[in-house]
Amino acid sequence: METARSDRELTGPFWAAVDRGELVRPVCDQCGHNFFSPHVVCPACQSVDWSYQPSSGRGRVYSHTTIHRPPDPSFEAPYVVADIELDEGWRMFAWVVGCDPADVHIDMPVTVAFVASPGGERLPAFRPAS
Ligand code: ZN
C-alpha cells in the first residue's frame, strides 16, 4: 500500500528545481492532469501516482494585482502579484518583475525568471516575454 507523501516530500523537488533554475509542476501519471500546488493525490482522478515534470516556464497573466503597501518594509513596493497560466495548462501565483506594474495586463505573455526574496530565498517569478 502506498503511503502518503509528507509536506517535505511534496514540495522538496519543486524547491530543488528552483535552486537549479528550473520550473517544474506535478503531472498525473494516470490521467495526465497538470496541477499546482502539489497534493498527495491528483485533484482530477485521486491517483497517488504523479511526478514532477519540467515546465516551459512560458505562460500568460491570468489575473493580477498591484501591492502598494507591502506586508514587510523589506519588500520594495509597488509590486505585482499575478496568477500565471502556464502553457501546460496549470496556474501558479508569482511576482511579475522586469516591467512597470502599470504595464502588467491580463493575457500578457510572460516567461519564468528566478529572483531572490527579501529574505534571500530563490523564488520563481515571471517577466514579460520578449
Ligand atoms: Zn489524475
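The values are calculated or read from the model by the stated rules, or taken from the named source; none is laboratory data. Computed from a predicted structure; not experimentally measured. Ideal geometry is used to build each Cβ from the backbone, glycine not excepted, and the neighbour counts take in all protein chains shown. Heads up: the accessible areas ignore ligands, DNA and RNA and are worked out on the full protein's heavy atoms, side chains in. Shrake-Rupley method; radii C 1.70, N 1.55, O 1.52, S 1.80 Å.
Out of curiosity, is Ser63 modelled with pLDDT of 95 or more, in a loop (DSSP other than H, G, I, E, B), more than 10 Å from the ligand (Cβ to nearest atom) and of a type in the set (Ser, Thr, Tyr)? So that I can check it myself, show each step before the final result.
Details: modelled with pLDDT of 95 or more: yes; in a loop (DSSP other than H, G, I, E, B): no; more than 10 Å from the ligand (Cβ to nearest atom): yes; of a type in the set (Ser, Thr, Tyr): yes.
Here the answer is no, as Ser63 does not meet what is asked.
Please work out which one of (1) more than 14 Å from the chain's Cα centre (by Cα); (2) open to solvent by 50 Å² or more (accessible area, probe 1.4 Å) is the condition Cys28 fails and give its number.
So the condition that Cys28 fails would be (2).
Of the numbered conditions (1) more than 16 Å from the ligand (Cβ to nearest atom); (2) open to solvent by 70 Å² or more (accessible area, probe 1.4 Å), Phe75 satisfies every one except a single condition; which is it?
Failing condition for Phe75: (2).
Of the residues in segment 31-55, how many are open to solvent by 70 Å² or more (accessible area, probe 1.4 Å) and either among the small types (Gly, Ala, Ser) or modelled with pLDDT under 95 (or both)?
Final tally of qualifying residues: 1.
Tell me which residues, restricted to segment 78-96, are part of a loop (DSSP other than H, G, I, E, B) and either at pLDDT below 95 or touching a helix residue (DSSP H, G or I) at 6+ places or on another chain (Cβ under 9 Å) (or both). Break it down into steps so the answer makes sense when it comes.
The first filter runs over segment 78-96 and keeps only residues part of a loop (DSSP other than H, G, I, E, B), leaving 78, 87-90.
If the condition is that a residue be part of a loop (DSSP other than H, G, I, E, B) and either at pLDDT below 95 or touching a helix residue (DSSP H, G or I) at 6+ places or on another chain (Cβ under 9 Å) (or both), then Pro78 is the only one that fits.
Quick check on my filter: what residues within segment 6-21 are without any contact (Cβ under 8 Å) to a residue 60 or more places away in the chain and more than 16 Å from the ligand (Cβ to nearest atom)?
Keep residues of segment 6-21 that are without any contact (Cβ under 8 Å) to a residue 60 or more places away in the chain, which gives 6-17, 20.
The answer is Ser6, Asp7, Arg8, Glu9, Thr11, Gly12, Pro13, Phe14, Trp15, Ala16, Ala17, Arg20.
Does any residue in segment 22-46 that is free of Cβ contacts under 8 Å to residues at least 24 places away in the same chain come within less than 7 Å, Cβ to Cβ, of a residue that is surrounded by fewer than 18 Cβ atoms within 10 Å (Cβ to Cβ) and not in a loop (DSSP other than H, G, I, E, B) six or more places away or on a different chain, and which pairs are these?
Matching pairs, first to second residue: Asp29/Ser51.
Restricting segment 97-130 to residues that are at pLDDT below 95, under 27 Å from Ala16 (Cβ atoms) and in a loop (DSSP other than H, G, I, E, B), which is most open to solvent (accessible area, probe 1.4 Å)?
Here the residue is Glu121.
Where residues in segment 23-60 are of a type in the set (Phe, Trp, Tyr) and outside any loop (DSSP other than H, G, I, E, B), which of them is nearest to Trp90 (Cα to Cα)?
To start, the set of residues in segment 23-60 that are of a type in the set (Phe, Trp, Tyr) comprises 35-36, 50, 52.
When the remaining residues are screened for being outside any loop (DSSP other than H, G, I, E, B), the result is 50, 52.
Details: Trp50: 14, Tyr52: 13 Å.
Applying the filter and picking the extreme gives Tyr52.
If Val61 meets every condition in (1) open to solvent by less than 50 Å² (accessible area, probe 1.4 Å); (2) in contact with a Phe, Trp or Tyr (Cβ under 6 Å, 6 or more places away or on another chain) apart from one, which number is that one?
(2)
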